[in-house]
Amino acid sequence: MKKIGGYLAVVGIALIVLPYLGLTIRFLGWIDELGTLPAWAIKIGLVVVGAVLFFMGKPEVEETELELPKEDTAE
């Protein structure tokens, strides 16, 4: 869930920042056509839900190699 939450938060932040740079995400451009208040509610909602999922998610387990103890073969 951490990964999905991170993606949602990044998309929400991008939707907030990009219009100030004169850019938009074409796929999500319909959000701005809903009006000012609903568009801001959706953008802030994406950031909040993404942050909650990110911080509530379990940490991803990294795979590590198991080292077996070396046997002494001294005779």
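Bear in mind that the values in this text are calculations on the coordinates, not laboratory data. Note that the coordinates shown come from a computational prediction; the quantities given were computed from them, not determined experimentally. Neighbour counts are summed over all protein chains in view; Cβ atoms, including those assigned to glycine, are modelled from backbone coordinates with ideal geometry.
Taking Cα pairs under 8 Å and at least six residues apart, what relative contact order does the chain come out at, in percent? Don't skip to the end; give the middle numbers.
Numbers: 57 pairs, mean separation 38.2, N = 75.
The value is 51 percent.
Peptides 2-8, 33-39 ranked from most to least packed by the mean count of surrounding Cβ atoms within 10 Å: 2-8, 33-39. Placing pseudo-labels 7 Å out from each Cα toward the beta carbon at M1 and L18 gives an inter-label distance of 2.7 nm. Here the simple spin-label model places points 7 Å from the Cα toward Cβ, and for V10 and E65 these points are separated by 2.9 nm.
With 10 angstrom as the radius, rank V17, V47 by how many other C-beta atoms surround their C-beta, starting from the fewest.
On the way: V17 11, V47 18.
Neighbour counts put them in this order, fewest first: V17, V47.
A simple charge model with +1 on the Cβ of Lys and Arg, -1 on the Cβ of Asp and Glu and nothing else charged puts the dipole of the chain at about 900 debye relative to its Cα centre.
What is the order of L23, L53, fewest Cβ neighbours within 10 Å to most? Can you show the working numbers first?
Working: L23 10, L53 18.
Placing the least packed residue first, the sequence is L23, L53.
Stokes-Einstein diffusion of the range 2-56 at 4 °C, 1.567 mPa s viscosity, Kirkwood radius from Cα pairs, rounded to a whole number: 115 µm²/s.
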